[in-house]
């Protein structure tokens, strides 16, 4: 509403909206969510229009463009196909890491096929003993042996591993807390890799897994980037990951708000539409203002990043704002739709469940606030 996209962005979003109407109507998305099934048809259709190659140069098999087009893509997916939006956050993180740190051989082997939807990637960092404080918790190790590496350990709460072809694994390779982490590219079917899908109550169309690595043999060509510098490499992607998470959260919130608004126009009580009641109108207005503010900050930060600016603070503000606005909008939607919100054939309960992810991913809201207290407000570090 308040974001003014360029002509090219409008054309892209119009085409994407049409694709979503045709390939992923509400009833189909909801049916797949209820069945906990990944939407392979939508994934392929998005690949066909170049959505998975956004942020990767055409010479590497991508679609070009950058952060703005990524957040536009993810916001639309969040509004309509929430699980596929979460897939998109992981997709863009994987392609960014490969584009920035991959060798020529790794880029040739993986990037074009990821962009074309022929491969799917999963990012394996968190472990059962810790997510936010991952450096202290990390027990997965890669050790030099037999002219290569041996990977041992486990990862938990990993998105997309059950249907991934390739895993980007974060492992400890030296004792230094931060300068002892390395990224590895691991084929999902490599001997010693075991993926177990976990039961979760949200993001049903995109699997969440535990991944075990039992003495997995890797060559030097599996190292992504520089040995012992993997954590620094991951830190470099966090701004874009936060922005992309903000885009999905904004989309989920806007989807819930749109559904609640439509319901308020149609549902009658005491002889008039419930949207005519002032108390309900005010709640919808405030929710809409919060969502538009979050989305405006998200797009603004993406434009700054595209211009080469450091947006660590701006991306954190956008993520915190979008997470809160999305959760409040989904809560309001549940209240307005009432009993019908419990209907598994309708999407309101899906918005309400799925938005919870962004209270703690890719970093908890409290940790984001800690970061902003120090980096934005100049307060003493609290952690």
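Quick notes
- Length-normalised contact order for segment 1-127 - Cα pairs under 8 Å, 6+ apart - percent: 25
- Taking a ≥ b ≥ c as the square roots of the Cα gyration tensor eigenvalues, segment 67-115 comes out prolate, since a/c reaches at least 1.5 and a/b is larger than b/c.
- Based on the reciprocal of the average 1/r between different C-alpha atoms, the Kirkwood radius for segment 154-291 equals 18.8 Å.
- GNM flexibility winner over the chain from 329, 210, 294 (Cα, springs under 10 Å): 210
- Largest first and in whole Å, the equivalent-ellipsoid semi-axes of segment 2-148 read 30, 20, 15, each the square root of five times a Cα gyration tensor eigenvalue.
- Each Cα pair under 8 Å and six or more residues apart adds its sequence gap; the mean of these over the residue count of segment 234-375 is a relative contact order of 34 percent.
- For the chain, averaging the sequence separation of C-alpha pairs within contact (under 8 Å, six or more residues apart) and dividing by the residue count gives a relative contact order of 17 percent.
- From the alpha carbon centroid of segment 41-89 to that of segment 110-151 is 22 Å.
- Per residue, the convex hull volume that the Cα atoms of segment 227-328 enclose (Å³): 91
- Share antiparallel - DSSP beta bridges, the chain, percent rounded to 5: 80
- Gaussian network model of the chain, Cα within-10 Å springs - most flexible of 163, 172, 267: 267
- Dimensions (Å) - segment 122-229, Cα atoms, principal axes, largest first: 41, 29, 21
- Listed residues 41, 345, 65, most fluctuating in the chain (Gaussian network, C-alpha, under 10 Å): 41
- Value at 222 nm in deg cm²/dmol, rounded to 500, when DSSP H runs of n ≥ 4 in the chain each add -39,500 (n - 2.57): -15500 deg cm²/dmol
- Estimated inter-spin distance, residue 345 and residue 174, nm [label 7 Å along Cα→Cβ]: 6.1
- Label point at residue 228 placed 7 Å out along Cα→Cβ; residues across segment 164-204 whose backbone nitrogen lies under 17 Å: 171-184
- Cα convex hull, segment 312-356: 53 Å³ per residue, rounded to a whole number.
Taken together, the values in this text are just the output of simple stated rules run on the coordinates, not laboratory data. Since this is a predicted model, take the numbers as computed values, not measurements. Note that each Cβ is placed from the backbone with ideal geometry, even for glycine, and that neighbours are counted across all protein chains shown.
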